[in-house]
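The values are calculated or read from the model by the stated rules, or taken from the named source; none is laboratory data. Quantities reported herein were computed from a predicted structural model and do not represent experimental measurements. Cβ atoms come from the backbone with ideal geometry, glycine included; neighbour counts cover every protein chain shown.
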Amino acid sequence: MREPHPVCRLGHMKNNNIISSQQLLDRLNWRYATKQFDSTRKISAQDWATLEEALRLSPSSGGLQPWKFVVVTDPAMRAKLSPASYGQPQITHASHLVVFSAKRNLSEADVDEFIRHTAVTRGIPEESLAQYRGALVGGIIQAQDEQGRLAWARNQAYIALGNFLTSAALLGIDACPMEGFDRAQYDEILGLKAQGYASAVIATAGYRASTDKYAEAAKVRFPVDRVFTHV
């Protein structure tokens, strides 16, 4: 019998630490858009650090990461944001609030910063990334106007949001993605525009209150044959 290739052996070793298919589905069925949080329960510093690292590891188109994640825990700031969130209780009751913001007016300078960082991280010359740089500049920067680039950047923030929700569920932490907020007011209150960013979407995280009736409600999803087509 042939000896397994070293990569194969490594793959088998890693599989010992991978959760099962059923465990993954159990966590995704457990999660829901939490409407009522227990304001007395806070996410531990260790778990929050893990969630922040999960966010940092989120994928983005071209790897450009055109975002900034604003973590709001200060009660006074949360109180200011509450009216701009139409008074939804999650804003003030959850352990953490994350504002997913997108880079405004993405430019060639931003691409160059990313290329330099890539070269340093991988220990390769910047010149070897010239073709990659050209594809990013041509396909993202030059192919769109300012509004188009902002829309593109906001789409990337939604990718990070999805990663955040799944990561939180795997840790047993409740979360609620929220689009019900005034972006302009958030940008003003948090000073995002001055920093060159624009809010895209928000999410609250913490632990569900025992009074949240939605915690036990059946998950409503269309059947498989409605949402999948195989070609």
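Quick check, is residue 29 among the polar types (S, T, N, Q) and at pLDDT below 95? Here the answer is no, as residue 29 does not meet what is asked. Pull up region 71-81, narrow it to residues that are surrounded by fewer than 19 Cβ atoms within 10 Å (Cβ to Cβ) and outside any helix (DSSP H, G or I), then point me to the one that is farthest from the chain's Cα centre (by Cα). Among those that are surrounded by fewer than 19 Cβ atoms within 10 Å (Cβ to Cβ) and outside any helix (DSSP H, G or I), it is 74. Can we say residue 74 is under 26 Å from residue 150 (Cα atoms) and out of contact with any strand residue (DSSP E or B) (no Cβ under 8 Å at 6 or more places or on another chain)? Judged against the criteria, residue 74 is not a match.
Scanning region 82-92 for residues that are assigned to a helix (DSSP H, G or I), surrounded by fewer than 18 Cβ atoms within 10 Å (Cβ to Cβ) and out of contact with any Lys or Arg (no Cβ under 7 Å at 6 or more places or on another chain) returns a single hit, 83.
Taken as a whole, region 99-119 holds no residue that is buried (at least 18 other Cβ atoms within 10 Å of the Cβ) and farther than 22 Å from residue 159 by Cα.
Selection of region 184-213 for residues being surrounded by fewer than 12 Cβ atoms within 10 Å (Cβ to Cβ) and more than 21 Å from the chain's Cα centre (by Cα) yields 194, 210, 211, 213.
Within region 120-135, if we keep just the residues that are in contact with a Ser or Thr (Cβ under 9 Å, 6 or more places away or on another chain) and closer than 23 Å to residue 153 by Cβ, the residue that is surrounded by the most Cβ atoms within 10 Å (Cβ to Cβ) turns out to be 129. Contact map, region 81-92: residues that are closer than 21 Å to residue 211 by Cβ paired with residues that are among the β-branched types (Val, Ile, Thr), Cβ distance under 8 Å, separation 6+ or inter-chain. Pairs shown: 82/91; 82/92; 85/91; 85/202; 90/34; 90/204; 91/204.
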